[in-house]
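Coordinate-derived values only; no laboratory data. It should be emphasised that the depicted structure is a prediction, and the values quoted were computed from it without experimental measurement. Using ideal geometry, Cβ is built from the backbone for each residue, glycine included, and neighbour counts are taken over all protein chains shown.
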Amino acid sequence: MATNFPSVLHRWLIESKLHQLSFSRQKLGYCYFSAAATLFSPELADARLSWAKNGVLTTVVDDFFDVGSSEEEQLKLIQLVDKYASLLPPSPFFQKKDNRKTKSPFSSVNVLEFTGGMGT
C-alpha cells in the first residue's frame, strides 16, 4: 500500500506546529521529492518520510540561526543541546574529547557558530 505523502507529512507539520514558525522556509515538497529521487522503491516509503522530516527540521534549524533568533536565543539552544547530549549514554560517535583523532560534532558546530562561519 502506497503512503499518501501529502497527507502524512502535512499532518506531521501541523501536529509539530512547524508551520507556525514565521521565520522558517516551507520546504516540505522539496525535501520529500529529493528523497523520492533517491529512494524510489515502494518499500522505501518510510525512509522517504524520514528523509523529508529530517530535511524540514534541518531547514528550520538553519533558518533559526540565520534569521529567526537573537544571539541569546541561539546560545540557549546550544546549551540545551549540550545538556541533552550530556544525558545520553556514552557513544564512540559523540565524544567530548577534543583531539586530532576524534572531534565531537558539537564542538565543530560551536566553532562555526562563534567564529561566524567557515573558519573566519
Mind giving me the nanometre distance, one decimal, between the label points for VAL81 and SER16, set 7 Å out from Cα along Cα→Cβ? 1.5
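Give me the extension gain from TYR30 to THR58: residue separation times 0.36 nm, minus the current Cα-Cα distance, reported in nm with one decimal.
Length gained, TYR30 through THR58: 8.8 nm.
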What is the Cα convex hull volume of region 1-79 when expressed per residue in Å³? 96
So what is the relative contact order for region 16-81, in percent, with contacts set as C-alpha pairs under 8 Å and at least six apart? 38
